[in-house]
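Chemist: Take a look at the following structure, please.
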Amino acid sequence: MAWRIGRRALAGKAEDRERSAWDAASRGSHPGESGQTVRAGRSAGGPEAEPIEPGEDSGSGEDSGGGERGSHPPRLARRMTAMLADTAPLRESPAFRRLWLSGVCSSFGGQMTTVAVLFQVWHSTGSAAWTGAIGLAQAVPLIAFGLFAGALADRLDRRRFYLACTVGQGVCSALLATQALLGTFPVLLVLLVVAGQSLFGAGSGPTSRTFLPQLVRREHLGAALALNRIAFQGSMMVGPAIGGLVVAGVGVGGCYSIDALSFAAALYGAYRLPRMVMRTEQAPRAGLRAVADGLSYLMHTAPVRGALLTDLATTVLTMPISLFPLINAERFGGNPRTLGLFLAAIAVGGVTASVFSGAFTRLPRPGAVMLLGSSIWGASLLLLGLVPNAWLGLGCLAVAGAADTLAVVSRSTVVQLNTPNEMLGRVAAAEQIAGQAGPELGNLRAGLTAAATSGSVALVSGGVLCLAALALIVVKTPQLREFTRPVADPEPGPELEPGQVHPVGVA
């Protein structure tokens, strides 16, 4: 047994012997024939059985100091360790480990490119409208072609498709680096290159999400998603800051060049993946029919539908980023040095929750965890609109950032565990579109509401509407809150070498 040895053996009367048997069974020991307790890990009556005499200490080290009291520190240490991010996917799956490390590099480079593009466009035009057009250039290809790219991911060898999309993204980064080093492009051409990179990202993003169920055990899927979240949030915290230093030191070409080089790591991680060819009977229909099949699956699968609706309810109704300049002016006097604190507070909360993600990725009901995290997000932003103190407001944002991590990791867990492999590309594409379009619409709603009323009204009304929408989802979609993830899975087989075919669609 795996339970702890903790209480001294009792012997004597029949009731004492019964109590000894109960205590021993609950702590990893079992009673011998004479009422003595045998140390865990050895068979009673066997040649190596070592009885513990009444009154003798078990020698486990946990009872030092006498009785139950000495077991508290190790128990607390184990509980704290269990709360940390579960690194089992990194330890057990070399393919996932390579993919994760390559993703860290490419995400870091991508954040640097974000800073460089913003600086170049602003420096060339001095117009907020042009910097706003960067978001448009990124969003339009993703929304227009995302579902078609997901259908291709479900039809083709996913590894090769991901490699092709990654090469396309790297070429776009190389073009940006070239134009910055040899003579800058006109702003419109820069935006076209950014749109091209987003187009390839519409294919690589959903495809990379289809890899996880093939690379890690199903019960470790939530842990793998949390590790990806740590990589993303870490790059968000560090990448822009270093990008600003590089732009100040060597110019935007330095950021673009680092980003282009980071795709070499991404290509290596993708190349070492096993081939993932869809079986003929599982391959989707082509074109619009494949997209329609994916949308039909979304609408008729309650946990997936509920997860995406929950995500849209939280982002469209409560996304606060467009309000940060207004809140900064109201509470910090418009000091530009404090504006970054709002985003930093969300990031700090998110990273903290990711580091301690073991506390929720091991829970059996990710749908209920998602609903809880989304509710905390909405309530935190509602409180942000009510509290008068600026620093309490930053605390609300940190709590919201932690809740966002709970919701995002649990959402992806629900989506992937409820989606068959032959649909995973299209469903992942829909999830990516919701994750990109929802926040943009939410920022628009918040800005328009604040312009008509005030920042506080925009935050409070959004929080109330969010909580009401979540209550409706809880009532109308019980399958989401009741969904239980698998807790056991057979040992994974040997890792496949490049060129071998992974049995996509199995399991």
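Chemist: Residue check: is residue 176 touching a residue at least 12 places away in the same chain (Cβ under 8 Å), surrounded by fewer than 19 Cβ atoms within 10 Å (Cβ to Cβ), part of a helix (DSSP H, G or I) and more than 17 Å from the chain's Cα centre (by Cα)?
Modeler: On the way: touching a residue at least 12 places away in the same chain (Cβ under 8 Å): yes; surrounded by fewer than 19 Cβ atoms within 10 Å (Cβ to Cβ): no; part of a helix (DSSP H, G or I): yes; more than 17 Å from the chain's Cα centre (by Cα): yes.
So residue 176 does not fit the description; no.
Chemist: Further, regarding this structure: Taking only pairs six or more apart or across chains, which ones have beta-carbon atoms under 7 Å, a first residue in the range 135-151 that is in contact (Cβ under 8 Å) with a residue 40 or more places away in the chain and part of a helix (DSSP H, G or I), and a second residue that is surrounded by fewer than 17 Cβ atoms within 10 Å (Cβ to Cβ) and not aromatic (Phe, Trp, Tyr)?
Modeler: From residues that are in contact (Cβ under 8 Å) with a residue 40 or more places away in the chain and part of a helix (DSSP H, G or I), there are no pairs.
Chemist: Has the range 121-130 got any residue that is more than 22 Å from residue 254 (Cβ to Cβ), in a helix (DSSP H, G or I), modelled with pLDDT under 90 and not aromatic (Phe, Trp, Tyr)?
Modeler: Scanning the range 121-130 turns up at least one residue that is more than 22 Å from residue 254 (Cβ to Cβ), in a helix (DSSP H, G or I), modelled with pLDDT under 90 and not aromatic (Phe, Trp, Tyr).
Chemist: I would also like to ask the following. Is it the case that the range 47-60 has a residue that's surrounded by fewer than 20 Cβ atoms within 10 Å (Cβ to Cβ), aliphatic (A, V, I, L, M) and at pLDDT 80 or above?
Modeler: From the range 47-60, those surrounded by fewer than 20 Cβ atoms within 10 Å (Cβ to Cβ) are 47-51, 53-57, 59-60; that's our starting set.
Pick out the ones that are also aliphatic (A, V, I, L, M) and you get 49.
Checking which are at pLDDT 80 or above leaves us with none.
No - not one qualifying residue is present in the range 47-60.
Chemist: Let me ask something additional. Residues to consider are 361, 405; find the one that is closer than 24 Å to residue 322 by Cα and crowded, with 24+ Cβ neighbours inside 10 Å.
Modeler: Values: 361 fails: closer than 24 Å to residue 322 by Cα.
Exactly one of 361, 405 is closer than 24 Å to residue 322 by Cα and crowded, with 24+ Cβ neighbours inside 10 Å, namely 405.
Chemist: In this structure, is residue 343 surrounded by 18 or more Cβ atoms within 10 Å (Cβ to Cβ), more than 14 Å from the chain's Cα centre (by Cα), in contact (Cβ under 8 Å) with a residue 12 or more places away in the chain and in a helix (DSSP H, G or I)?
Modeler: Details: surrounded by 18 or more Cβ atoms within 10 Å (Cβ to Cβ): no; more than 14 Å from the chain's Cα centre (by Cα): yes; in contact (Cβ under 8 Å) with a residue 12 or more places away in the chain: yes; in a helix (DSSP H, G or I): yes.
So residue 343 does not fit the description; no.
Chemist: Being in the same structural domain as residue 125 (by TED's automatic domain parsing) and buried (at least 23 other Cβ atoms within 10 Å of the Cβ): is that true of residue 188 here? Walk me through it before giving the result.
Modeler: Values: in the same structural domain as residue 125 (by TED's automatic domain parsing): yes; buried (at least 23 other Cβ atoms within 10 Å of the Cβ): no.
No, not satisfied.
Chemist: Here's something else I'd like to know. For the range 415-474, how many residues meet the condition of being in contact (Cβ under 8 Å) with a residue 40 or more places away in the chain and either outside any helix (DSSP H, G or I) or of a type in the set (Lys, Arg) (or both)?
Modeler: 5
Chemist: Next question, about the same structure. Check 185, 161, 148, 200 and return the single one that is among the hydrophobic types (A, V, I, L, M, F, W, C), at pLDDT below 85 and more than 19 Å from the chain's Cα centre (by Cα). Write out each step before concluding.
Modeler: Values: 161 fails: at pLDDT below 85; 148 fails: at pLDDT below 85; 200 fails: at pLDDT below 85.
Exactly one residue qualifies, and that residue is 185.
The values are calculated or read from the model by the stated rules, or taken from the named source; none is laboratory data. All values reported here derive from a predicted model rather than from experimental measurement. Counting neighbours? That spans all protein chains shown, and the Cβs are built from the backbone with ideal geometry, glycine included.
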